[in-house]
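The values are calculated or read from the model by the stated rules, or taken from the named source; none is laboratory data. None of these values were measured; they are calculated from a predicted model. Backbone-built Cβ (ideal geometry, glycine too); neighbour counts: all protein chains shown. What goes into the accessible areas is simple: the full protein's heavy atoms, side chains included, and nothing from ligands, DNA or RNA. Shrake-Rupley method; radii C 1.70, N 1.55, O 1.52, S 1.80 Å.
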Amino acid sequence: MKKSRPGRPVPEILARLDKKYPKVRCALYHRNAWELLIATILSAQCTDVRVNLVTPELFAHFPTPAAMAKASLPELEALVRTTGFFRNKAKNIRGASLKLVEEFSSKVPAELDQLLTLPGVARKTANVVLGSWYGISVGVVVDTHVARISHRLGLTRATAPPKIEQDLMKILPPDHWIDFSHQIIHFGRETCIARKPRCATCPLETLCSSPDKTWSSH
Ligand code: SF4
């Protein structure tokens, strides 16, 4: 069995993240659970910044699940084109909206199993909606930032997101599952960026022994 890298000072990592990002929020623009669901589906393989450029116009055209369920696919495709994989995404957001109308009285369910029945919704999207809108912790959102930084901090050795999520759920207290992901996503954009992490100004530097470091105090 592989050994973990030494030092997984989880409470100290969490304390420093809480200090740096005390009032962290989901970075995706949304005003209700349905908008968050749609924005999260669109965020696959795309930046939140790009999604936030697209969704105000999308929701102005189609302000409810019922309106989006009746949209034409070419119209939706044109509106979400710049988020990438737009044909699939257009199909999924229309399909998810239709299913909400037909089976959930146009309300986004607050249960993982039900959310997972919606087109385009896998565990990550369900976790975002449950955590950020309903405040229900059923897991940890693992996106590219969370995966990369969990590695750098020695919190996991796994590469597959479901396995990374399991590892994080074992070592993070449940009351941090939601905030941790949001904090790490901000941290990954500002400091622990993929190509050249800004280690010299990183608040976690003394806790990090990543081989990717660009500067080290120890
Ligand atoms: S020290 Fe560098 S690699 Fe480690 S968490 Fe900070 S920015 Fe990332």
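Search the stretch 32-53 for residues that are over 13 Å from K124 (Cβ atoms) and in contact (Cβ under 8 Å) with a residue 40 or more places away in the chain and pair each with any residue that is among the small types (G, A, S) and open to solvent by less than 10 Å² (accessible area, probe 1.4 Å) when their beta-carbon atoms are under 8 Å apart and the residues are at least 6 apart or on different chains.
Between residues of the stretch 32-53 that are over 13 Å from K124 (Cβ atoms) and in contact (Cβ under 8 Å) with a residue 40 or more places away in the chain and residues that are among the small types (G, A, S) and open to solvent by less than 10 Å² (accessible area, probe 1.4 Å), the close pairs are W34/S97; I38/A96; I38/S97.
Name the residues in the stretch 134-190 that are out of contact with any helix residue (DSSP H, G or I) (no Cβ under 9 Å at 6 or more places or on another chain), of a type in the set (K, R) and within 20 Å of E12 (Cα to Cα), would you?
Of everything in the stretch 134-190, those that are out of contact with any helix residue (DSSP H, G or I) (no Cβ under 9 Å at 6 or more places or on another chain), of a type in the set (K, R) and within 20 Å of E12 (Cα to Cα) turn out to be R152, K170.
Go through the stretch 137-151 residue by residue and tally those that are open to solvent by less than 10 Å² (accessible area, probe 1.4 Å), in a helix (DSSP H, G or I) and of a type outside the set (S, T, Y).
Summing the residues that are open to solvent by less than 10 Å² (accessible area, probe 1.4 Å), in a helix (DSSP H, G or I) and of a type outside the set (S, T, Y) in the stretch 137-151 gives 2.
Would you pick out the residues in the stretch 173-192 that are loosely packed, with under 14 Cβ neighbours inside 10 Å, assigned to a loop (DSSP other than H, G, I, E, B) and within 16 Å of the ligand (Cβ to nearest atom)?
none
Residue by residue, here is whether (1) open to solvent by less than 20 Å² (accessible area, probe 1.4 Å); (2) away from the ligand (no atom under 13 Å from the Cβ); (3) not polar (S, T, N, Q) holds:
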residue	(1), (2), (3)
G135	no, yes, yes
L153	yes, no, yes
K163	no, yes, yes
A194	no, no, yes
P197	yes, no, yes
C202	no, no, yes
T206	no, no, no
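For the stretch 74-121, how many residues meet the condition of being of a type in the set (F, W, Y) and at negative phi?
2
From the list K70, K91, which one is open to solvent by 80 Å² or more (accessible area, probe 1.4 Å) and in contact with a Lys or Arg (Cβ under 9 Å, 6 or more places away or on another chain)?
Going through K70, K91 in turn, the sole match is K70.
Among the candidates T64, T117, T83, T125, single out the residue that is polar (S, T, N, Q), open to solvent by less than 50 Å² (accessible area, probe 1.4 Å) and at pLDDT 95 or above.
Of T64, T117, T83, T125, the one residue that is polar (S, T, N, Q), open to solvent by less than 50 Å² (accessible area, probe 1.4 Å) and at pLDDT 95 or above is T83.
So which helices (runs of 4 or more DSSP H) are wholly in the stretch 1-80 and hold at least 1 residues that are among the acidic types (D, E)?
Filter on the stretch 1-80 gives 10-20, 33-42, 48-61, 73-80.
Which condition does H218 not pass, out of (1) of a type outside the set (F, W, Y); (2) part of a helix (DSSP H, G or I); (3) open to solvent by 50 Å² or more (accessible area, probe 1.4 Å); (4) within 12 Å of the ligand (Cβ to nearest atom), if it passes all the others?
(2)
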